[in-house]
Structure formats: C-alpha cells, structure tokens
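In what follows, a single structure is set out as structure tokens and then discussed.
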Amino acid sequence: MLAYLDHHATTPCDPAVVAAMAPWWSEHCANPANRLYRPALEAAAAVERARGQLARVLGSSAETVIFTSGATEANNLALKGVCEAALAAGNLRRRLVSLVSEHRAVLDPLAYLGRHGFPVSLVPIQPDGLVDLAQLEAALGDDVLLLSVMAANNEIGVLQPLAAIAALCRQRGVLLHVDAAQAAGHIPLAIDELGIDLLSLSGHKFYGPKGIGALLVRPGLQLAAQLHGGGQQDGRRAGTLPVPLVVGLGQALLGAEADREERAGRLGTLRDQLWEGLRDLGGIELNGDGAPRLAHNLNVTVQGVDGTRLHRLLRQRLAVSSGSACSQGSPSHVLAALGRSRQQAAASIRFGLGRGSSDAEITLAIETVAAAVRELR
Ligand SMILES: *Cc1c(COP(=O)(O)O)cnc(C)c1O
C-alpha cells in the first residue's frame, strides 16, 4: 500500500467531473467561438455555464472570469497584465509588493517585472507563517501599484488575513491580487465582499482536471492581454477554449464546494490524529504553529535526521514531499522564511490530505515516519 498524501501538489480528478467532461471531447466537438450553428452555440452555452458556476461559488459575477491553462498562467496574466496596462495609462505607481512565502508562480513573474521597470518589495513572514499587518501596511507606500498575497500557502497551509489585507489595499489605493490556488474549493472565498481585484485558481488543486484554471478580474480593471490571437474571451486571453476542461473546472468547483465543510471537518480530525501520532515520537516540530491553517495540511520538521535519507525511506510507503512540487531540488524558501536551516528544511515533511484519505492511511503514515526516525536517529 502506498498512501497518497500529496494533495497540495495535485488532487485526483473527481469521477463525477470526468463524467461531466466526457460528452465534450468527441460527441460535442464544436468550437464555442463559432456562433453560426447550434452545436457551437451549445458549446458556448456550456462555457458560460461554467463561468457562472465559478462566479457563484466565489462570490463574484460571470463576466469576471477569464479561463487560463492554470494558476501559473493566471498569475502571469494578472501581474504582467496589470503592469503593462498601468504603463500604457501613464500611471506613476510602479512598485509591486508581495510576501517572501509566495509560490514560484508569483515570485518568478515578479522577478521578471523587476527587471523591466517595476521594483519589487517582498515582506517577510513571522515564525508562525503569517504576515505582520503593520509591516505590510508600512510597505504599501504611495508608489505601490499592486499587492500579491496568496490565500493559503501551498507548503504550510497558513491562511493570510485576507479581509484585513484587502482593507489596507483599499485605504492605500493599491490593487490586490490573490493566488487562491490552494484555497478555492477548500475555504470560503467571497471576492466582491472582500474587495479582491484579481484572483487566480487552478482546477487540479480541487479535484478538477489539469491544464485549466482561471483569473477572476474585477469589472472595469485595466488588464493588458498576454496572449494575442483570435480574440477569444473578449480579447483578454486568445486561444480556442478547451470546452471539456472548462466544463470540468466548473463541475469540480461545484463539487468541492458541496462537500467543503464536511471534508474540512473530517480531514481536520485525521490531520490532528496524524500530528498527535508524530508528536509522540519526540523531536518533531510543527511548521505554521498557531496560525490558522488549511484543515488538510500538516508540515513538520524532524529533528536530528538527514532529510535525503528520511525521504528515501518514506517514499516506499508514502507519497509526500519535502517542499513544493514546483521547486524540486532547492530547499524550501517558505521554511527558510520561518527560520528553518537548510538541513531542517530538507528533513521536513509536507502532508496534504484529501477526499480519499482514510484512518488506515494515517496509521500507515505514523508507522512509516516512526520506523524511519528509529532507523536514522
Ligand atoms: C499549484 C499552484 C500554482 C500553480 O498552478 P498550476 O495550475 O499548476 O499552474 C500556483 N500557486 C499556488 C499557490 C499553487 O499551489
């Protein structure tokens, strides 16, 4: 038995989602951009339905939804699109602010923009993983164009205080982009109520298909397209829409919303069992201790063992990771920001529980870590 406990890297596609996508691959193959005949109009209607589903769950309106290939593309479109539009409009604000603990899909586009005339400030996080609001406020000067903050961290699951952050942005005239790839379908999000200007999400993080995501953009906000071509999606993101994936994305978010509370309750209990079992081994520390966290996340550092040898033993029975799936090789910048050394970061384990996680898997996880720690210490 191998327990899959890496749901922050990706989730299995829900069979109900696979079923909802099925007719759109071959049976209904028309291009939704072609408005001339009925099958195309039906495909276009399916796309609009999915837009409505996303908007409804996330507390916004359908016109805000731009489909992308995933959260990486949504983040690139948000950050580069806002900067390019600001430049064209002669906006004097140029600085971009974010947190050191962001995903590479935010940090790398920011670094790119930093090389192209948009200075970047990264605000540190506290030892519990949360940003200090006073420190964030101090960073939001008159020259700041946009703040990008993730809703839930992909390594330590920490939830940043979005309502307070959004209020600061409003006071300061700063646009707010939220990378919600780990949050959508897992915690309640109300875009309009919170006052979020741009929000990124990804289907494969909430039991949907890989290769599809969305950027939700407040109506009226100036955003320069990054993909030019056939003028699809009102020219905001050209390219033929992958109708099966779009349908799957809408269905997946509806499905994730339907069992969200029950799932969080059940996985929170399993996660706490896992933590209690690991804590009893001694010399194991929680990362993101005390902060509000995703119910299905647990990230621990094992003291006094070599990380490479630890993970070599774990992978025989557990699919877990030492950091983000997207930064293979280099030690976690998130754990470093919490004050962990390179050695400690390497000897850390990220558990991401999911819909299929069972008592038996939690027992297996505790036993596997216990055996590895006994062997290595
Ligand atoms: C997974 C993830 C991404 C990247 O999403 P893709 O759809 O795989 O491109 C971006 N940000 C966060 C926080 C993520 O967890």
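The values are calculated or read from the model by the stated rules, or taken from the named source; none is laboratory data. All values reported here derive from a predicted model rather than from experimental measurement. Cβ placement follows ideal geometry from the backbone for every residue including glycine, while neighbour counts extend to all protein chains displayed. Only protein heavy atoms, including side chains, enter the accessible area calculation; ligands, DNA and RNA are left aside. Shrake-Rupley method; radii C 1.70, N 1.55, O 1.52, S 1.80 Å.
Data for the structure
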| quantity | calculated |
| --- | --- |
| Globularity ratio of segment 41-94, using Cα Rg and 2.2 N^0.38 Å | 1.45 |
| Relative contact order (%) - criterion: Cα under 8 Å, at least six apart; region: the chain | 24 |
| Distance from segment 33-80 to segment 159-216 (C-alpha centre basis), Å | 16 |
| Nearest-0.05 FRET efficiency for Arg355 and Leu2, computed from C-beta distance (R0 22 Å) | 0.85 |
| Burial order of peptide ranges 292-298, 216-222 (average beta-carbon count within 10 Å, highest first) | 292-298, 216-222 |
| Length gained when the stretch Ser61-Arg38 is fully extended (0.36 nm per residue, less Cα-Cα span) | 5.7 nm |
| Cα centre as origin, Lys/Arg/Asp/Glu Cβ charges: the chain dipole, Debye | 720 |
| Whole-percent carbon and sulfur share, accessible surface of segment 15-258, 1.4 Å | 56 |
| Arg94 versus Arg315: modelled label distance in nm, points set 7 Å from Cα along the beta carbon direction | 4.5 |
| Segment 245-270 residues near the modelled Ala16 label - backbone nitrogen below 19 Å, point 7 Å along Cα→Cβ | 245-267 |
| Linear extension gain, Gln126 paired with Ala164, 0.36 nm per residue minus alpha-carbon span | 12.0 nm |
| Within the chain, longest stretch clear of exposed chymotrypsin sites (Phe, Trp or Tyr not before Pro) (DSSP loop, no more than 16 other Cβ within 10 Å) | 38-377 |
| Potential extension, Leu376-His228 segment - 0.36 nm per residue separation minus Cα distance | 47.8 nm |
| Rg/Rh for the chain, where both radii come from Cα atoms and Rh is the Kirkwood radius | 0.99 |
| Segment 15-258, accessible area per residue, ligands and nucleic acids excluded (1.4 Å, Å²) | 39 |
| Spread of Cα-to-Cα distances over 5 Å intervals beginning at zero, given as percent, for segment 89-228 | 2, 9, 19, 24, 23, 15, 6, 2, 0 |
| Choice from Gly117, Gly250, Gly59 with maximal GNM fluctuation in the chain (Cα, 10 Å cutoff) | Gly117 |
| Radius of gyration and maximum dimension Dmax of segment 237-290, Cα, Å | 18.8, 54 |
| Over segment 66-106, volume per residue of the alpha carbon convex hull, in Å³ | 69 |
| Mean residue ellipticity (222 nm) of the chain, computed from DSSP H runs ≥ 4 via -39,500 (n - 2.57), nearest 500 | -12500 deg cm²/dmol |
| Dipole of segment 257-375, positive direction: furthest Cα of Gly352, His333, Ala371, with charges on the beta-carbon | His333 |
| Those GluC sites (Glu not before Pro) in segment 1-104 that DSSP places in a loop and that have at most 11 other beta carbons within 10 Å | Glu27 |
